[in-house]
Amino acid sequence: MFELTPFVKRNHVTTYDPFRLFDEMERSFFKGSELGDFRADIRDTGDAYELEADLPGVKKEDIKVDLDNNYLTISAERHAEKDEKDKKGNYVRRERSYGSYSRSFDVTGVQTEQITAEYTDGVLKLHLPKKQEALPTTRRLEIR
């Protein structure tokens, strides 16, 4: 974010603190994404998996679900703006934020052409039908 520094009348030599830069770099490096990872729950219902991903504040059109080489990737972007104005219409505060999420899941044992998705109330729900296990076949060979 930002730091508020109290105003004290100083010259440039006394206000320069080279160690402050290291502190700021360390904070921003370990801070990570402001949004972080989204929560995802996966349930095995027997013949399918049900995946629920919490994406609060994200619009449906800002969510992408891609399938590539047996990996399902859910990506989402969130944009927000907040304006506060005084009685004269001048800005008192104006903030903008942007963030993105992305997670991938291995769907090797899933019928990828049958996956369905719906998004309601900030929750993305995916239905992932399992592949039918190939039953071992036996046959007798004819001897000639």
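When a footprinting reagent is the concern and you count Cβ atoms within 10 Å, what order do Tyr49, Tyr98 take, fewest first?
Result, fewest neighbours first: Tyr98, Tyr49.
Karplus couplings for region 137-144 from phi (6.51 cos²θ - 1.76 cosθ + 1.60, θ = phi - 60°), rounded to Hz, Gly and Pro as x?
Karplus-based 3J(HN,Hα) across region 137-144 equals 9, 10, 7, 9, 8, 7, 9, 9 Hz.
Which ³J(HN,Hα) values in Hz, rounded to whole numbers, follow from the phi angles of region 116-132 under the Karplus curve 6.51 cos²θ - 1.76 cosθ + 1.60, where θ = phi - 60° and Gly and Pro get x?
Taking θ as phi minus 60°, the curve returns 10, 9, 9, 10, 9, 6, x, 10, 8, 10, 10, 10, 10, x, 6, 6, 6 Hz for region 116-132.
Out of residues 5 or more away from Tyr49 or on other chains, whose amide H comes under 5 Å of its own, with H placed 1.01 Å from N in the peptide plane?
So Tyr49 has HN proximity to Leu128, Lys130.
Say the cut-off is 29 Å between C-alpha atoms; which of Lys64/Lys85; Lys64/Lys131; Lys64/Lys130 go over it?
Among Lys64/Lys85; Lys64/Lys131; Lys64/Lys130, the Cα-Cα distance tops 29 Å for Lys64/Lys85.
Each residue of region 58-68 in turn: what ³J(HN,Hα) in whole Hz from Karplus with 6.51, -1.76, 1.60 and θ = phi - 60°, glycine and Pro shown as x?
Result, ordered by residue: 9, 7, 4, 6, 9, 10, 10, 10, 10, 10, 8 Hz.
Please sort by residue number the GluC sites (Glu not before Pro) in region 63-144 whose DSSP state is loop and whose Cβ has at most 16 other Cβ atoms within 10 Å.
Taking region 63-144 and a limit of 16 other Cβ atoms within 10 Å, the loop GluC sites (Glu not before Pro) found are Glu133, Glu142.
Coordinate-derived values only; no laboratory data. Keep in mind that this is a model prediction, so the values were computed, not measured. Note that we place each Cβ from the backbone using ideal geometry, even for glycine, and neighbour counts take in every protein chain shown.
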